[in-house]
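Bear in mind that the values in this text are calculations on the coordinates, not laboratory data. None of these values were measured; they are calculated from a predicted model. FYI the Cβ positions are ideal-geometry reconstructions off the backbone, even for glycines, and counts take in every protein chain you see.
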Amino acid sequence: MSSVFLAISSFIILLMIMTLVRVIGGPTVLDRIVGVNMIGAKTTVILLLIGLIYDDMSMFVDIALAYALLNFIATLGACKFFRRSNRVFMEDEVAAEEAS
Amino acid sequence: MDLIVTILLSGGAFFFAIGTIGILRFPDFYARLHAAGKCDTLAAILSLAGIALYNLHDFTFGNILVSCKVLAIIIFVFIASPTATHAITKAALLVGVKPWEKRKGGRA
């Protein structure tokens, strides 16, 4: 059963690396927030899988719970900040957006 | 028992993959948000349900407590993930991100 957990963890880490492409290259800041939110959801699952592999669930479940809470709060805070500042394109990408 | 856990975890990984493909391939911010929001919630809930079920393979008090905590994470994700998606959408709409339109012979 441990090999199944290892395989699923490796697959999810591969998907996290693919999501990182969108975080690095996304056109707007909000795209990056969506990507980071998605990576956070994957991290919650991976933490619990690590707990199962190392047979120490009682410690990792608390870490995963705290990580889920922090992920939600960070997303809300970033959204509120960028809604106030009213600017979702990075400095060097404004010109590219206006030119197109 | 092991079969059910494997099916749940594989379903979670499958929906994570769908969400990742959606977030990479869709042309527009709102479409990407659609893929990320739905697939992410479903995949996290499926995977966490599989983990909580596997954790009950021997029935001690500590294991039941840990499974209850995983259930708490499931309930929290079920409430919080759509809320976060809604907040991102509202921020994008108020800032003025334009929805994508299909142009005749234009760029995608």
Among the candidates A:Leu30, A:Leu76, single out the residue that is in contact with a helix residue (DSSP H, G or I) (Cβ under 6 Å, 6 or more places away or on another chain) and surrounded by fewer than 20 Cβ atoms within 10 Å (Cβ to Cβ). A:Leu76
Any chance B:Ala43 is within 30 Å of B:Pro99 (Cβ to Cβ) and surrounded by 22 or more Cβ atoms within 10 Å (Cβ to Cβ): yes
In region B:32-68, residue nearest to the other protein chains (Cβ to nearest Cβ) [restricted to those that are among the polar types (S, T, N, Q) and assigned to a helix (DSSP H, G or I)]: B:Ser47
When the residues of region B:82-95 are narrowed to those that are more than 7 Å from every other protein chain (Cβ to nearest Cβ) and in contact (Cβ under 8 Å) with a residue 12 or more places away in the chain, which ends up surrounded by the fewest Cβ atoms within 10 Å (Cβ to Cβ)? B:Pro82
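Residues are listed down the side, and each one gets a yes or a no for (1) within 25 Å of A:Ile53 (Cα to Cα); (2) in contact with a His (Cβ under 9 Å, 6 or more places away or on another chain); (3) among the β-branched types (Val, Ile, Thr):
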site: B:Ile4; (1), (2), (3): yes, no, yes
site: B:Ala13; (1), (2), (3): yes, no, no
site: B:Ile21; (1), (2), (3): no, no, yes
site: B:Leu46; (1), (2), (3): yes, no, no
site: B:Phe76; (1), (2), (3): yes, no, no
site: B:Thr83; (1), (2), (3): no, no, yes
site: B:Ala87; (1), (2), (3): no, no, no
Count of residues meeting criterion [touching a Ser or Thr at 6+ places or on another chain (Cβ under 8 Å), within 12 Å of B:Asp40 (Cα to Cα) and aliphatic (A, V, I, L, M)] in region B:72-87: 2
Report whether or not A:Ala68 is surrounded by 14 or more Cβ atoms within 10 Å (Cβ to Cβ) and touching a Gly at 6+ places or on another chain (Cβ under 9 Å). yes
Scan A:Tyr67, A:Tyr54 and give me the residue that is more than 10 Å from chain B (Cβ to nearest Cβ), more than 15 Å from B:Ala13 (Cβ to Cβ) and among the hydroxyl-bearing types (Ser, Thr, Tyr). A:Tyr54
Given (1) in contact (Cβ under 8 Å) with a residue 24 or more places away in the chain; (2) at the interface with another protein chain (Cβ under 10 Å from one of its Cβ atoms), where does B:Ile4 come up short, assuming only one miss? (2)
Members of region A:31-51 found to be within 10 Å of chain B (Cβ to nearest Cβ) and touching a residue at least 24 places away in the same chain (Cβ under 8 Å), listed by number: A:Ile33, A:Asn37, A:Gly40, A:Ala41, A:Lys42, A:Thr44, A:Val45, A:Ile46, A:Leu49
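Report whether or not B:Phe29 is touching an Asp or Glu at 6+ places or on another chain (Cβ under 8 Å), within 7 Å of chain A (Cβ to nearest Cβ) and either free of Cβ contacts under 8 Å to residues at least 60 places away in the same chain or under 19 Å from B:Ile73 (Cβ atoms) (or both).
no
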